[in-house]
Amino acid sequence: MAPEVDTTALHRLLDLQGEDSAIKRLVDQRGSLPEAARLEELKSQLAELDADLEIAGKQRDEIAREVARVEGEIELVDQKIQREEQRMYSGQVSNPKELSALQAEVEMLKKKKAGLEDQELEAMVGRDQADTTVQNLTTEHEQATKESGELTEKLGELTQSIDADLARHNANRTQIAGSIPDDMLILYEKIREQKHGIGAAALENGTCQGCHTALPAKEVERLRASGGLQRCENCRRILIVN
Ligand SMILES: [Zn+2]
């Protein structure tokens, strides 16, 4: 014969199980929010973008310096050309040898200038590309920052709401647990730990709601007849027979 068991307390076990399952669900939900996962993704994306932006900015500055350097050089060559041409056409130089040397010098300077202008053009194209890269990265960074801000806010709201639910279920749980005898509670906790969070289950239509196994009719009959604290013969969970 089963030991004398408080039937009301036994039914309270199902209420307790309800609270424990709700708490477990909420804790799982809190730990696996897709918003949190996306936020982590965004954080590493932003860190990458920060690094990329730093490199792209440095490259752009370097090319801009190169453009300025070539422009300065062109300016100098230009001044030199002007000086030599002035001398050529000033009439001060009358020696034909000296004149043709001057002419050759001006030709050489003009070639040098043309070469420098090619360099300048190439550097300017590179600077434009570097500008575009920095702009694109900046836009991407702004978008990720915006999304990250929105998600942080949403996540805060979600977490707050889950925490409020958790607090409510925890309070209920404490209250229910207080009305269940210690030995019954200890057994329930032990089984719950071993059986994926479910220590007590109802027997409904001859089926254990813990392991979803239909028990043999004879066993169901025996359970109904004996009363008291019973356990599922399949999963060993505490079985609450109505
Ligand atoms: Zn079972």
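With Kirkwood's inverse mean 1/r over C-alpha pairs for Rh, give me the Rg to Rh ratio of the chain, two decimals please. Radius of gyration over Kirkwood radius for the chain works out to 1.61. Computed over neighbours whose Cβ is under 10 Å from that of GLY210, the net charge equals +4, Lys and Arg +1, Asp and Glu -1.
Using a probe radius of 1.4 angstrom, the carbon and sulfur fraction of the accessible surface of the chain is 50%. Determine the percent antiparallel among the DSSP beta bridges restricted to the chain, to the nearest 5. Antiparallel bridges: around 60 percent, rounded to the nearest 5. The residues of the stretch 182-242 expose on average 57 square angstrom of accessible surface per residue, using a 1.4 Å probe on protein heavy atoms.
Each Lys or Arg adds one and each Asp or Glu takes one away; over the other residues whose Cβ falls under 14 Å from the Cβ of ALA171, this sums to -3. Within 11 Å, Cβ to Cβ, of LEU116, how many net charges do the neighbouring residues add up to if Lys/Arg are +1 and Asp/Glu are -1? Once all neighbours under 11 Å are counted, the net charge is -3.
Remark: the stretch 69-168 carries 69 Å² of accessible area per residue (probe radius 1.4 Å; ligands, DNA and RNA excluded).
Of all aspartates and glutamates in the structure, those lying under 19 Å Cα to Cα from LYS110, and not within fewer than 8 positions of it along the same chain, are GLU71, GLU73, GLU75, ASP78, GLU84, GLU85, GLU98, ASP118, GLU120, GLU122.
Remark: for residue pairs LYS58/LYS146; LYS80/LYS112; LYS195/LYS218; LYS24/LYS154; LYS190/LYS218, the C-alpha separation exceeds 18 Å in LYS58/LYS146; LYS195/LYS218; LYS24/LYS154; LYS190/LYS218. Helical runs (DSSP H, four residues minimum) scored at -39500 (n - 2.57) apiece and divided by the length of the chain put the mean residue ellipticity at 222 nm at -28500 deg cm²/dmol.
The values are calculated or read from the model by the stated rules, or taken from the named source; none is laboratory data. Every value quoted in this text rests on a predicted model; they were computed, and no experiment measured them. Here Cβ is always computed from backbone atoms with ideal geometry, including for glycine, and neighbour counts include all displayed protein chains. Note: areas computed on protein heavy atoms with side chains; ligands, DNA, RNA excluded. Shrake-Rupley method; radii C 1.70, N 1.55, O 1.52, S 1.80 Å.
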